[in-house]
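Novice: So that we are looking at the same thing, I have put the structure below in structure tokens.
The values are calculated or read from the model by the stated rules, or taken from the named source; none is laboratory data. This is a predicted model, so every value here is computed, not measured. Cβ placement follows ideal geometry from the backbone for every residue including glycine, while neighbour counts extend to all protein chains displayed. What goes into the accessible areas is simple: the full protein's heavy atoms, side chains included, and nothing from ligands, DNA or RNA. Shrake-Rupley method; radii C 1.70, N 1.55, O 1.52, S 1.80 Å.
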Amino acid sequence: MKVSKLYIVATLMLSTAVQAQISKEQEQFNQAVNYVNCKYVEYSLQKKCNCETQPEFDLIIKCVTNENVTLELAKEIDSLKSKYDSQTFDATRAIRFLTDSIFNDSKAYPKLYAFAKKRKDNDDFKELKDSIIDTLKKIFAVSNPVGDSSTTSDTAQRLNGDKGKDTIPSSSDGSEGKEIFSFRNFFLPIIISVIFSVILALLMVNLFFVRKNQLNKDDDSGQRSDEDKIQKKLGNLESAIRDWQNSRDDFSRRIGSLENDIKFLKTTIQNKSAPFEYNAPGNEAPVNPLDRQPEAKAEVFYLSTPNADGSFNVSSASPDYKEGASIYRFTKTNDNKATFTIDEREASIRLALQYLESNIERVCEAFNAYNPKARSIYTKTPGKAELIGDKWKVTAKAEITYES
Amino acid sequence: MNKVFGYSNKGGKHWFVSDAYNDKEIEYIKDPEGGSEISLPTAIPSPFARMDLVKTAFRNMAKSPNLKAYTKDGNVVASKEDEKLVSDCLDLAEMMFNIDSIKDKVRIIVWDKEAELAKLKNSSPMHRRLAETLELYLDQDKETYNFGLLKQLYLIEFNHKIIGCTSPATLFFATANNLSHAQIKLTKNDVMFDEHYASLYDRDAEFQKYLYLLFKANPLLSQRLTVVNNYLECNLKVLDKLNHSLYEEIKNLEVDSFRNNYSELDTGVTGNVIEVIGVPLRKRKSQDIQTAIKKSDFVIQSTKHMSDLMPLVLQNGLNKTFLYTNDAWDKAIKVPYMDKESVLEKRWLPGVRIQYPYLTVSDFLEPYLIRLVYPINKEKFFDGNVKAEVGDDSKGFLLPLKKKFFDYFTSSDLLDTKPGSPKIEMIQGAAGSVKVILSIPIAKEGEYISFERIYYQTSENQLSKPDEENNKGVVVEHQLGITLFPFIKTNNADLGAFYRVQLIDRDVVGILKNADFDLKFYTNNNDNAVEVRAKKKRSYKIPDAVNTATSQYYVLHNEFDYIQVSNVMAYGASGIIIPHWPIYQAGNEVFSFAIDFGTTNTHIEYKVGGGSPRPFDITTEDVQIATLFHPSKTTEDFGGTGAIAIRELIDNEFVPQLLGGASEYKFPHRTVLAENHSLNIETETFAIADFNIPFFYEKRVEKDKIQSNLKWAKKEKGNDKRLRAYFEKLIILLRNKVLFNKGDLSQTRLVWFYPSSMKPARKSSLETTWVQLFQQYFNPVKPPIGITESLAPFYYFKGANRLQGGAYKPVVSIDIGGGTTDIVVIKQNKPLLVSSFKFAANTIFGDGFSEYGAANSNGLINKYYQYYENILNTNRLFDLSKVLSSIKGKNKTEDVNAFFFSIENNRKIKDKQLFSYNSLLSNDEDLKIIFIYFYAAIIFHVAEVMKKQQIELPKHLIFSGTGSKILNIITSDTKILSSLSRKIFEGVYNQKFDADGLTVETEKDMPKEVTCKGGLMSNPEDLAIDISAIKSTFSCINGVDKLTYTMLNDENKAAITNYVGDFNKFFLQLDAQLSFSDYFNVSPNSFEIFKDELNKHLRDYLEEGLEHNKRLDEITSDDKEVEETLFFYPLTGTINNLIAHLSQLTPVNH
């Protein structure tokens, strides 16, 4: 009987330890992201944000106050937490990822890209990254649980970069898009638990037959009594397993239900945030632009030619891309502020290039010569616009380069 | 209970004497159905029985006081059956009377008694028996039914079914068959063969009169068709009460009118008339129908269509009591929204079966309604009275009118708000729908017929098809723009008409991306479209590549009133544009224009009457173009559609809205012409269609091919065309200026300028072009006057009172252009001497004698190119930097320098001083000596020529021309220039100036403009002098006045270089009198080098100059006279060489 208890306890501990390890790694990664976030914000604002205390994101953004660009940066960094993947996690690559890779991917991390681009030649920026690397090494290595030597040494080895699979997400390994609600993150513990349950069951059966053989060798007295006890215990154990399985199934259902709820909520938010009902040309029931609600709870909308005074007409905004009409892609940062870029689609580029003065120069500053045959126009720094009345007034021109 | 047997009313409860029943007794027989049964007996098998039934019915009906079913004392006198039989008979008679209205559906089959019976008899025994039976009947009842008079029966077939036949007893009888297929309306609200039985007095008055006349004119009918005659008499009694006027008319009918009023009723074969008992029947004259309809209230009140048959205008659901054809309109009549019969005269009026032209909705309203992406320019075009009940007015519409509308009305009618004019209204509804209401005036005074159609938004992915039959139109949104030039009409054919119409098609995406538009232009007094002299495409859209737009230009030499826009692709839409044309009102104002067509820049000045000259302009008061889009209400982004090409291509390819004043476009302007890169110059070309003057040049990125050097381009076909196109556009702008400002075209004056160095042949060519164009566009009383460029500035300075002390003493006018410098010496307002030479701005800023460009080795370029490239890039002016690089690539020094000079005026430049080439050069102490040397050479030469001509020392030097800006580089202080000039003159003349001294006059800010202004500040005729008489060419060789190329031997060439050497010596001595260092900041270092290099290679430069200029002037014979002084040839080479040396001394330091 003691043996059977030992089996059960060992199995449960093993299962718990695996899950604990996963959650610990994620906690470390989140902690690292927070720290990195705080340091970059601090550097961006050139003021102290008590990063040594390793503040959470909500404290970091309090430090940002009204600086929108930095706020956007902080949000983008915080979104990196979703990149954690227990299956591919590697501390070394995590550090490299947080101090290097994220600055090189303009598409995935435009804010970070622009942030680093501006400071690529600054020595103090390089120093900052070095100091962050040191701290991150500590976060990943030192904070491992004491006594769990195998895990610690494994992490240490990974930090040394000479062993183990290179599994930390990077911008190029294709694992970036995985979210915190991913299959592996949620169902892996369950699957592991199921496997252990099956093993446990097999062990119990094995135990039963071993014990039975032993009992056959024992004297007959008390044999029936022990068998009954064992049967009872096995019955209890089986019942516990069934309960656990039921719980697992229930959890699975609830997770599924929650996922559906999330999807529904996302859709609802998107629908509610649309600035106005848009119809194809001519389909619309025309609406007085002045009657329109302060535009754009929508995250993204499109505009065409700017006005000569460097503004865009709110009434011309479209939540959908319109070929032959859309040139600029606006992203709202709050109710009355937005950033904009020249849309990357070929049709937008061609349209923009047709009339340089009207379509581009009013709201963009070029960093190389106009090329009417440019294949793309790269927006180095998005422009900024503020909603004033029925116009999106450009407060900062977008910085662009023509690329052939 | 006793029973009464029989209807004799003689008792009957017992045996009684009984005879055959007479009518009275029959009346007593009670109808068990009470007279309401209309299912006639069907057991009677023969037509004879039917004839009898109808006859009996007439007899019975005649007993009814109102000719309807009638019951008296419980006895049925006239049953419903009788009423139906008589009604059907009259229906047939009325159909025959109106047979022309249904002739396409009716066929008459003739049954000839004798012939048909004979046929039967000769046929089978059974047929023979039938013939005998028929004969028996016909014979037995010949008295009762007039069979004795019967020769032919006429069976009437309607829609391929027999509906009745003539009857010798009652004129007609209908079959007992179901006649619902023949239930048609003719001229009355009555429907034939329906269940609403019409008595005769209910029917068309004309028909009634016909029947009475028929009987009156043919007494046989009254005698033999007594039942009908009785019916007619009864009907007359009813009419006396109900319609007394008709009663009176009928009573007074003249027998003679029977023949006159009606046409023969034939079987379809002319001459084969339909008769009853030998009396030919007749029918309504078709002219009578038309005469009647002409009085209809529905007749269109056209203002222009004078056809004999004016169509009716019919509206579905109209509930007004208008006179339709003969009778009142019945609102139940269904008017089709579209009649597939396109020939109006072949149409049948709905509801009455009369062939007569009528109009319905689809005749005037298009199936598609074209919506634009901007509001229409209401001030200049009719917007169709758009009302935005839903939505806003950010999008206008073309008028969805078909051309047919204008067969009846003029475009002015539609704009007229007076009662009786047609009106249109467009109301925007929900979901993009538009209701169009077109009100057409009709004969009924003050009344309109409304054609209404709702146009629905087309589906996004596929063009919806309109459903005209159900009156459903489709709205299509096209991205098109139209601009008219000039926007004025003269209504005077003698003045000619010269229009250009720009059409922009920017449909590049979506279901309409392949749209292809065509314009047709119409006048109100001609159905045919105005001839389009030419149609030219400049730009081409590439739909799938979202590439810009197609631009087309229509050249018209006739005025027009409205335009039809059509998408010529399958199922394309059409619409009408009606301009609110302003009409030219000829006034007495005399306009004078002066055009200085320069190598680099062209300038135009004008004056009105005796007013001051001013640069040519197009102000808000005399805008020459009219854009279909509203210039201020259209948003800059065209509603976010991306269709800005509609606006951009106006400036790029057409005519700007404004010119001069606050506009960014103004004169003087670069002498350049734009054309499409793919223009085939061999085809017929037109100004402002194939070419335009790109006023945006140097201000925006140009897409087209820019042609410069128009003035001096080689004589060849393409260049001549371009030159003419350039002049033509200018002349058209001038003409419009006069028209818009109520000037007198024929009194307009034109002055143009030419350099005195221009070869006579080239000058003559220019003159011919100006004269022809001026004649074509102005038909002037006085021809244009060409005067030499350097002569006019004098009159400007004189007129502006800039010549202190007057012009009694000689005044030297020096016009420094890009390629040539012209000199005129004037005394007492008369030119004494003229000279011209190729020593001008390009001597310093050009390539010397290099024909193929030498910018890469030019000193100025080497010094300043790097500087400009750096500051342009530093200031992120990458576009300008790229342009600079591109120009440098062409290796033409003058082009690169021209760009340096233009940079400071570029709209992108904020710090003009930083980029000012003038400023850089004026501060360049190393190169300053070059400009002084250049200036001194000109003044020295002027002094030498004047001295040789024994002209006294001048009192004023006046400078004009773009090249005179060099004076600003030398010094901004004209007093210093005066001193320098005075010393040169004194040196040459060896004589001191008197107290009046010598002044230098220039217009620093507008040296180019003074030529034109001067041309308008004098009497042009006075300036049109033959300059050859006073032209002087200084040979530089003692004793030689006229030099030919043959005379240029070594000795003479040496004499020339010696002369230049003497000048150099003279120049260096000037430094002693007016220190170059002190007065002009010439650096000592540069002056030393200058002195070292000054006299080097003079002979070489002379040879190079000779060779270069002989090529340039196309000198093929050495016998020819050298037309310009050779003094400047060595100097040109020297200056080029000196620049190369001096530019290396000190880097640019700004």
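Novice: For B:694-701, what's the mean count of beta carbons from other chains sitting within 10 Å of each residue's beta carbon?
Specialist: Mean partner-chain Cβ count within 10 Å for B:694-701: 2.
Novice: Place +1 on the Cβ of every Lys and Arg and -1 on the Cβ of every Asp and Glu in the range B:447-493, take the dipole about the Cα centre, and give the residue among B:Asn461, B:Phe485, B:Asn471 whose Cα lies farthest towards its positive end.
Specialist: Farthest towards the positive end: B:Phe485.
Novice: Within a Cβ distance under 14 Å of B:Gly610, other residues only, what is the Lys/Arg minus Asp/Glu net charge?
Specialist: Around B:Gly610, the charge tally is +2.
Novice: Report the antiparallel proportion of the DSSP beta bridges in chain B as a percent, rounded to a multiple of 5.
Specialist: Counting only bridges with both partners in chain B, antiparallel ones make up about 75 percent.
Novice: Let me ask you something else. Would you mind estimating how fast the range B:640-797 diffuses translationally, via Stokes-Einstein at 25 °C and 0.890 mPa s with the Kirkwood radius over Cα pairs, in µm²/s?
Specialist: 142 µm²/s
Novice: Let me know the Rg and Dmax you get for the range B:567-714 when you use only its Cα atoms, in Å.
Specialist: Answer for the range B:567-714, Rg first and Dmax second: 18.3, 59 Å.
Novice: A further question on this structure: Enter the mean number of other protein chain beta carbons within 10 Å of the beta carbon of each residue in A:300-312, as an integer.
Specialist: Average per residue, whole number: 3.
Novice: When DSSP beta bridges are limited to those with both residues in the protein assembly as shown, what percentage is antiparallel, rounded to the nearest 5?
Specialist: 80 percent
Novice: If each residue of separation counts as 0.36 nm, what is the full-extension length gain between B:Asn906 and B:Val781 once their alpha-carbon separation is subtracted?
Specialist: 40.7 nm
Novice: In nm, give the distance between the simple-model label positions of A:Glu323 and B:Ser1075, each being 7 Å from the Cα along the Cα-to-Cβ direction.
Specialist: Reported label-point gap for A:Glu323 and B:Ser1075 is 7.6 nm.
Novice: Follow-up. What is the helix-to-structure angle for B:717-740, meaning the angle in degrees between its Cα long axis and the longest Cα principal axis of chain B, kept from 0 to 90 and rounded to the nearest 10?
Specialist: Taking the Cα atoms of chain B, the angle to B:717-740 is about 70 degrees.
Novice: Please state the equivalent ellipsoid semi-axes for the range B:368-478: what are the square roots of 5 times the Cα gyration tensor eigenvalues, largest first, in whole Å?
Specialist: 24, 17, 12
Novice: Ranked from highest to lowest mean number of other Cβ atoms within 10 Å per residue, what is the order of the peptides B:47-58, B:153-164, B:235-246?
Specialist: B:47-58, B:153-164, B:235-246
Novice: List residues of the range B:496-513, by number, whose backbone nitrogen lies under 19 Å from a label position 7 Å along Cα→C-beta of B:Tyr571.
Specialist: Residues B:507-513 fall inside that zone.
Novice: Now a separate question. Going by average Cβ neighbours within 10 Å, how do the peptides B:1130-1139, A:76-85 rank, with the highest at the top?
Specialist: Put in order of decreasing packing, that is B:1130-1139, A:76-85.
Novice: While we're on this one: Can you give the FRET efficiency to the nearest 0.05 for B:Ser746 and B:Val191, using r as the Cβ-Cβ distance and R₀ = 60 Å?
Specialist: FRET efficiency, B:Ser746 to B:Val191: 0.25.
Novice: Now for a separate question. Determine the principal axes of the Cα atoms in the protein assembly as shown, then give the extent along each, sorted from largest to smallest and rounded to whole angstroms.
Specialist: 171, 150, 57
Novice: May I ask for the net charge around B:Tyr754, where only other residues with Cβ less than 11 Å from the Cβ of B:Tyr754 are counted and Lys, Arg are +1 while Asp, Glu are -1?
Specialist: So the surrounding residues net to 0.
Novice: Same structure, new question: Once Rh is set to the Kirkwood radius over Cα pairs, what Stokes-Einstein translational diffusion coefficient, in µm²/s, holds for the range B:178-238 at a temperature of 25 °C and a viscosity of 0.890 mPa s?
Specialist: 191 µm²/s
Novice: Ok, one more. Taking only the alpha carbons of chain B, what extent do you get along each of the three principal axes, in Å, biggest first?
Specialist: Here the spans come out as 174, 58, 57 Å, largest first.
Novice: Which values of log₁₀ I(q)/I(0), to two decimal places, follow from the Debye formula for the range B:411-538 at q = 0.11, 0.17, 0.19, 0.22 Å⁻¹ with a uniform point scatterer at every Cα?
Specialist: For the range B:411-538 at q = 0.11, 0.17, 0.19, 0.22 Å⁻¹, log10 I(q)/I(0) is -0.63, -1.22, -1.26, -1.27.
Novice: Tell me the Rg and the Dmax, in Å, that the Cα atoms of the range B:835-953 produce.
Specialist: 17.3, 58
Novice: Test of understanding: what is the full-extension gain from B:Lys1091 to B:Thr874, defined as 0.36 nm times their sequence separation minus their Cα-Cα distance?
Specialist: Length gained between B:Lys1091 and B:Thr874: 74.3 nm.
Novice: Find how many whole Å separate the alpha carbon centroid of the range B:602-627 from the alpha carbon centroid of the range B:88-142.
Specialist: Centre-to-centre distance over Cα atoms comes out at 90 Å.
Novice: How long is the gain from B:Asp720 to B:Thr321 if the chain were fully straight, where each residue apart is worth 0.36 nm and the alpha carbon distance is subtracted?
Specialist: Length gained between B:Asp720 and B:Thr321: 136.5 nm.
Novice: According to a simple spin-label model (label point 7 Å from Cα along Cα-to-Cβ), what is the distance in nm between B:Ala388 and B:Leu309?
Specialist: With each label placed 7 Å out from Cα toward Cβ, I get 4.7 nm.
Novice: Within 10 Å of each Cβ of A:344-352, how many other protein chain Cβ atoms are there on average?
Specialist: The per-residue average across the peptide is 3.
Novice: Describe numerically, in nm with one decimal, the distance between label points set 7 Å from Cα along Cα→Cβ at A:Asn104 and at B:Glu1107.
Specialist: Each label point lies 7 Å from its Cα, and together they span 6.2 nm.
Novice: Mind listing P(r) for the range B:1027-1150? All alpha-carbon pairs, 5 Å bins, whole percents.
Specialist: 2, 9, 17, 19, 16, 12, 10, 8, 4, 2, 0
Novice: While we're on this one: I'd like to compare B:757-764, B:1054-1061: which one has the highest average count of other Cβ atoms within 10 Å, and what's the full order after that?
Specialist: Listed from highest to lowest mean packing, they are B:1054-1061, B:757-764.
Novice: What is the interface area between chains A and B, defined as buried accessible area summed over both chains with a 1.4 Å probe, reported in Å² to the nearest 100?
Specialist: 3100 Å²
Novice: Then there's this: If r is the Cβ-Cβ distance from B:Gln462 to B:Met338 and R0 is 30 Å, what FRET efficiency results, to the nearest 0.05?
Specialist: 0.85
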